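S.K.: Okay, handing you the structure first.
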Amino acid sequence: MKLALTRRLFLGVCLALLAPVSAFADLPDTVAQVKPSVVAVGTFLPTRSPQFRFLGTGFVVGDGKQVATNAHVIAAAPDSRGSEERLVIAQSGSGRVSVRLVERDARDPDHDLAVLWIAGLPMPPLRLGDSEAVRDGQDVALTGFPLGASMGIVPVTHRGIIAAITPVGQPLPSASQLDPGAVRRLSVGRYPVFQLDIVSYPGNSGSPLYDVNSGEVLGILNMVFIKGMKENAISSPSGISYAIPVSHLKALLAR
């Protein structure tokens, strides 16, 4: 009896050791997998120095010819019909930045999301995960271009956890703090967003928030829209970072 039990235990340990581990990876392996799909979003003007003006971060999705970012990232781009300045995405390379023209875009202002269709050959897209399954305390990472305008187009990764899953909008303590923008944002609804214990910067807007093991995208980092809804009653906004669940990006891509 004891011998049979010992054999079963030994067999179980051997099977566990032989089980495939390709679904999980160390963070350095995951970062190496994610980085080729992270791009800088900006504008390009041949007669300007520098020719590329950084606006924020994006990442490749879909069939490899779409880039996801925040709607506010591209809001500052000029209308291409009346200007020689063009909205582009840029990839970091060996000592230089190569750009691709954005041919069109779709926007979801209620969730501050945008999808850009890019010219050229497809790029490696990131897999979109299940944001409904995200849990407090889950290990996550983000890769983007913090302060990209001054620090350069070099992907930077930060690691942390999901600190809380919290409503996007908070009631204001006084009606005097309501403005048309606040009324519109609060009317969208109190959908949940991810609060992070990760320090991020304005250039990180649009960065993918992903699972550290699988690399699947769980959210899109947002440094403006959510802070304006949750921290507009604070005179000195905190350093808390937030991300919009990827389910809203999936809905935008499905339109």
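S.K.: What does the net charge come to around Thr157 if you take all other residues with beta carbon closer than 14 Å to its beta carbon, with K and R at +1 and D and E at -1?
M.R.: Spelling it out: positives minus negatives among the neighbours equals -2.
S.K.: Next question. Where does the charge balance sit around Tyr210 when Lys and Arg score +1, Asp and Glu -1, over other residues with C-beta under 13 Å from its C-beta?
M.R.: -2
S.K.: What ranking of Ser98, Ser37 comes out by heavy-atom accessible area, probe 1.4 Å, highest first?
M.R.: Ser98, Ser37
S.K.: While we're on this one: Please sort 204-211, 40-47 by packing, taking for each peptide the average over its residues of neighbouring beta carbons within 10 angstrom, highest first.
M.R.: Ranked from most to least packed, the peptides come out as 204-211, 40-47.
S.K.: Determine the sum of side-chain charges near Leu27: Lys and Arg each +1, Asp and Glu each -1, restricted to other residues whose C-beta is under 11 angstrom from that of Leu27.
M.R.: Taking every Cβ under 11 Å from that of Leu27, the sum is -3.
The values are calculated or read from the model by the stated rules, or taken from the named source; none is laboratory data. The structure presented is a predicted model; accordingly, all values stated were derived computationally and were not measured. Note: ideal-geometry Cβ built from the backbone for every residue, glycine included; neighbour counts use all protein chains shown. In case anyone asks, the SASA skips ligands and DNA or RNA and just uses the protein heavy atoms, side chains included. Shrake-Rupley method; radii C 1.70, N 1.55, O 1.52, S 1.80 Å.
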